[in-house]
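Heads up: the structure comes next, in structure tokens.
Throughout, read-outs are computed from the coordinates displayed, never taken from laboratory work. The structure displayed is predicted, hence computed values, not measured ones. Because the Cβ atoms are built from the backbone with ideal geometry, glycine has one as well, and the counts that use them run over all protein chains shown.
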């Protein structure tokens, strides 16, 4: 058994610290700045920010209390239990505000972006990373290709269809609505697995939309076998890559 935090760490959390460093590079995070991590989860990006800026210069917001507590314990940063749409920070507080793998899950991404811009100083940077669900996020793309091949009704659950703001065009339009000097680029992260069962365990525990789909199946053995076949992996260690889109912009 493992906790929700451990399950997340074993799922997309495997990619998060590497992706976080690439997000920070795109946002030009430098020593001496202050930064806010929106939707920090257990703290993968926050850890990377603290390593560069120091805990005293890093804050984070996370609506899940267990995740917020885990992030605070891991990083020593100022972590608030709050959603992106209502940030408990004053205007013009941070040099950089970042959001990693959470934009798609906001109840109102436009409001979330407005809040991110509000707490960022004029001329500061607001940036986000989201998975390329429709293309080269190998783990999730293969998962939903498997699901729709076995169950055409799963098409509407495919995150490439159900997630907004997961293409460069959508991200550019959203950021341009509130920010200037907008840029969208790709970034590739990788994750190591001990074998297929190591990869499968978080899905079986219901982590994320894909995990919820697995749990709802009941008898998931046929799906599991086909998913493994399509990934073309076995019981030996392997590595998967995942592409994300990173969007950056400057506050006016």
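Full extension from residue 190 to residue 92: what is 0.36 nm times the residue separation minus their Cα-Cα distance, to one decimal in nm?
Details: separation 98, 0.36 × 98 = 35.28 nm, distance 3.45 nm.
Full extension from residue 190 to residue 92 adds 31.8 nm.
What is region 103-214 by shape, rounded, prolate or oblate, if you read a ≥ b ≥ c off the alpha carbon gyration tensor as root eigenvalues and call it rounded for a/c under 1.5, prolate for a/b larger than b/c, and oblate otherwise?
Working: a/c = 2.31, a/b = 1.95, b/c = 1.18.
Prolate.
What does a probe at residue 215 reach in region 133-172, counting residues whose amide N is under 18 Å from the point 7 Å along Cα→Cβ?
Flagged as within label range: 157-159.
With angles folded into 0 to 90 degrees, how steeply does helix 221-231 sit against the dominant principal axis of the chain? Use alpha carbons for both and round to 10.
70 degrees
Compute the FRET efficiency between residue 156 and residue 4 as 1/(1 + (r/R0)^6), taking r as their Cβ-Cβ distance and R0 = 30 Å, and round to the nearest 0.05. Before the final figure, lay out the partial values.
Details: r = 26 Å, r/R0 = 0.86.
The calculated FRET efficiency here is 0.70.
Which of the three applies to region 50-101, rounded, prolate or oblate, going by the alpha-carbon gyration tensor with a ≥ b ≥ c and a/c under 1.5 meaning rounded? Numbers along the way, then the final one.
Working: a/c = 1.67, a/b = 1.01, b/c = 1.65.
Oblate, because a/c is 1.5 or more while a/b does not exceed b/c.
Could you check the spin-label model distance between residue 225 and residue 121? Points 7 Å from the Cα along Cα→Cβ, value in nm.
Using points 7 Å along Cα→Cβ, the separation is 6.1 nm.
What is the distance, in nm, between label points placed 7 Å from the Cα along the Cα-to-Cβ direction at residue 25 and at residue 164?
3.2 nm
Would you please give the FRET efficiency between residue 52 and residue 107, computed as 1/(1 + (r/R0)^6) with r the Cβ-Cβ distance and R0 = 41 Å, to the nearest 0.05?
Working: r = 30 Å, r/R0 = 0.74.
Result of the calculation: an efficiency of 0.85.
If I fit a long axis through the Cα atoms of helix 138-150 and take the longest principal axis of the Cα atoms of the chain, what angle between them do I get, 0 to 90°, rounded to 10?
That helix lies at roughly 40 degrees to the long axis.
Counting alpha carbon pairs within less than 8 Å and at least 6 residues apart, what relative contact order, in whole percent, applies to region 116-252? Write out the running numbers ahead of the final one.
Numbers: 216 pairs, mean separation 61.4, N = 137.
Contact order relative to length: 45 percent.
Okay, helix-only estimate at 222 nm for the chain: each DSSP H run of n ≥ 4 adds -39500 (n - 2.57), divide by all residues, round to 500 deg cm²/dmol; what do you get?
Numbers: 11 runs with 108 residues, N = 252.
Mean residue ellipticity at 222 nm (helix-derived): -12500 deg cm²/dmol.
Would you mind computing Rg(Cα) / (2.2 N^0.38 Å) for the chain, counting N as its residues? Each step should come with its number before you reach the end.
Values: Rg = 18.0 Å, N = 252, 2.2 N^0.38 = 18.0 Å.
Cα-based Rg divided by the globular estimate yields 1.00.
Among bridges DSSP assigns within the chain, what percent are antiparallel (round to 5)?
On the way: 20 of 37 bridges.
Among the beta bridges of the chain, antiparallel pairing accounts for roughly 55 percent.
Nearest 10 degrees, 0 to 90: what angle lies between the long axis of helix 44-53 and the longest principal axis of the chain (Cα atoms)?
The angle comes out near 30 degrees.
What is the log10 of I(q)/I(0) for region 53-166, computed with the Debye formula using one identical point scatterer on each Cα and no solvent, at q = 0.19 Å⁻¹?
The Debye formula, applied to the Cα set alone, gives -1.01.
In whole percent, what relative contact order does the chain give with Cα contacts below 8 Å and a gap of six or more residues? Show your work: numbers first, answer last.
Working: 503 pairs, mean separation 53.9, N = 252.
Relative contact order, the chain: 21 percent.
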